[in-house]
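Would you mind keeping the following structure in view while I ask a few things?
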Amino acid sequence: MRDLDDTDLEILSLLTEDARRPYNEIADHVGLTPPAVSDRISRLEEQGVIQGFTVDIDRSTLRQETAVLVDLHPKPDAVADVYDAATTLDGVDHVFEGMDGHVLVHAAISGDNVRSWLATELDLSRVLEYDVTPLTRSNRRLALSAAGFSLDCVLCGKEIMDGGVTTTIDGERKTFCCHSCEGQYVEEYEARRGALESE
C-alpha cells in the first residue's frame, strides 16, 4: 500500500462533491492526464479507500416518509443474519453493526408501523427487542482536507506511513500499522464475538 499524496486527496475531494465527475474534468483540476487519474482511482479502490460510488438520495423528499433510526438487539447467534436481512429492507439508507452486537438501521419508511416494516424481511423471533427514534434531521460530513486525512491503524490509531497491513474481517477491510496490531485486533474481535454468542 502506498501513502496517499495531495493529488490523491484532491481526487477524493472532487469525487466526494460529485461521484459522477468525468476523469477529464478531474484531470484538469489536478494537473494529470485522464488515464493517470483513472489509474489513481483504481489504486484507491484496490486499497479500500474508495469502496464504491453511490447516489445519496433523501428519500423523505420523494414521498411522504418518516426518517427513523432503529436499534435492533438481535440474539447473539443471530447478529449476522439480522444485519444481512436489515440491508434488504425497503427504504434503508445505512446499516451498522456495533461491537455490542446491536444492528443500527437508518431508513425512511412509509406510515408508522415499524414492526410490520421490519417483519417484511426480518425474522423478529431472532430479535430480543428494538428501539425506534424518529429523526427530525441528519447531516453527513463528507468533505476531506489534506491536513486531516491519512490512513490510520484501526487498533492503535497510529498514522500508517510505510504500507501497513490490510486484512478482511467478516467482509470488512481493515488496515493496521503492523502485524502485531492486526493479530491483537483479530484476537479481541474473536473474544468479544465469543462472549456475545455465549450470553
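Going by the conditions given, is Ala107 at pLDDT 85 or above and within 19 Å of the chain's Cα centre (by Cα)?
Taking the combined requirement at face value, the residue satisfies it.
Every residue in the stretch 1-51 that is of a type in the set (Lys, Arg) and free of Cβ contacts under 8 Å to residues at least 60 places away in the same chain, please.
Arg20, Arg21, Arg40, Arg43
Name, by its number, the condition in (1) touching a residue at least 12 places away in the same chain (Cβ under 8 Å); (2) part of a helix (DSSP H, G or I); (3) among the small types (Gly, Ala, Ser) that does not hold for Ala108.
Answer for Ala108: the failing condition is (2).
When you go through (1) open to solvent by 80 Å² or more (accessible area, probe 1.4 Å); (2) at pLDDT 85 or above one by one for Asp56, which number turns out not to apply?
Unmet condition: (2).
Something else: Do you know which of the residues in the stretch 106-137 that are among the polar types (S, T, N, Q) and in contact with an Asp or Glu (Cβ under 9 Å, 6 or more places away or on another chain) is surrounded by the most Cβ atoms within 10 Å (Cβ to Cβ)?
Result: Ser110.
A follow-up question, please. Just for the stretch 37-53: of the residues that are of a type in the set (D, E, K, R) and closer than 13 Å to Leu15 by Cα, which one is modelled with the highest pLDDT?
Here the residue is Arg40.
Across the stretch 1-39, what is the total count of residues that are on the phi < 0 side of the Ramachandran plot, among the small types (Gly, Ala, Ser) and not in a helix (DSSP H, G or I)?
1
The values are calculated or read from the model by the stated rules, or taken from the named source; none is laboratory data. All values derive from a computational prediction rather than experimental measurement. As a convention, Cβ positions derive from the backbone with ideal geometry for all residues, glycine included, and neighbour counts pool all protein chains shown. To get the accessible areas, we keep the full protein, side chains included, count just its heavy atoms, and leave off ligands, DNA and RNA. Shrake-Rupley method; radii C 1.70, N 1.55, O 1.52, S 1.80 Å.
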